[in-house]
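The values are calculated or read from the model by the stated rules, or taken from the named source; none is laboratory data. Note that the structure is a prediction, hence the values are computed from the model and not measured. Ideal geometry is used to build each Cβ from the backbone, glycine not excepted, and the neighbour counts take in all protein chains shown. Ligands, DNA and RNA are excluded from the accessible area calculation, which covers all protein heavy atoms including side chains. Shrake-Rupley method; radii C 1.70, N 1.55, O 1.52, S 1.80 Å.
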Amino acid sequence: MAGSELLSLLLVLSVSESVLALCGGRTVGVDASILLYRYLLRAPGAAAALINGDPSLAVAAFKEVLNWMHKLPISWIFVFDGSCEGKAELSRRRQLKRKEAYTKFMVDEHDEHAAAKAAMRTPQLEIALANACRECGQPYLVAPEEADAQLAAMARDGR
């Protein structure tokens, strides 16, 4: 896995002085969707494989990120999006962008950037990421709706 976006995440995590200064000894919530779209689908071949129905490369990248994260004295909790029925218009716009990126990817199947933009979460991917969390002993939860709203509520409540 040598995707530049994923490598940059791992480099940030490896500079533990800055991460530890902010988060050491604390619980840090992570929006799993942002992690997926910003980093995991940037792993070489992961997005193209997901477009073809195979989440295994994204899951392998996720496990690699978990291994790095577990080296730090930080408790992590991953929050997955639940039902987002109130976002119909936003979902429609995102779907249009994915279709445009998919068309571009079909013209050039080596365009990893287009593949990452075209790939979308699938139930198989969500289940595979949750199973990866279980295998690694990583706490996670599925938000009632948006993960970022759940994370904000957890922060406000001191969780």
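Could you list, in sequence order, the residues of the range 26-67 that are of a type in the set (Phe, Trp, Tyr) and either surrounded by fewer than 15 Cβ atoms within 10 Å (Cβ to Cβ) or closer than 14 Å to GLU126 by Cα (or both)? Residues satisfying the conditions are TYR37, PHE62. So, LYS97, is that one assigned to a helix (DSSP H, G or I) and open to solvent by 70 Å² or more (accessible area, probe 1.4 Å) or not? Here the answer is yes, as LYS97 does meet what is asked. Check whether at least one residue in the range 63-70 is in contact with a helix residue (DSSP H, G or I) (Cβ under 8 Å, 6 or more places away or on another chain), modelled with pLDDT of 90 or more and among the basic types (Lys, Arg), and report yes or no. Yes, the range 63-70 contains at least one residue that is in contact with a helix residue (DSSP H, G or I) (Cβ under 8 Å, 6 or more places away or on another chain), modelled with pLDDT of 90 or more and among the basic types (Lys, Arg). Screening HIS113 with (1) of a type outside the set (S, T, N, Q); (2) assigned to a helix (DSSP H, G or I); (3) under 14 Å from the mean Cα position of the chain (by Cα) gives one miss only, at (3). For beta carbons closer than 6 Å, sequence separation of 6+ or different chains, a first residue in the range 18-33 that is touching a residue at least 60 places away in the same chain (Cβ under 8 Å) and closer than 16 Å to SER75 by Cβ and a second that is among the polar types (S, T, N, Q) and open to solvent by 60 Å² or more (accessible area, probe 1.4 Å), the qualifying pairs are THR27/SER75.
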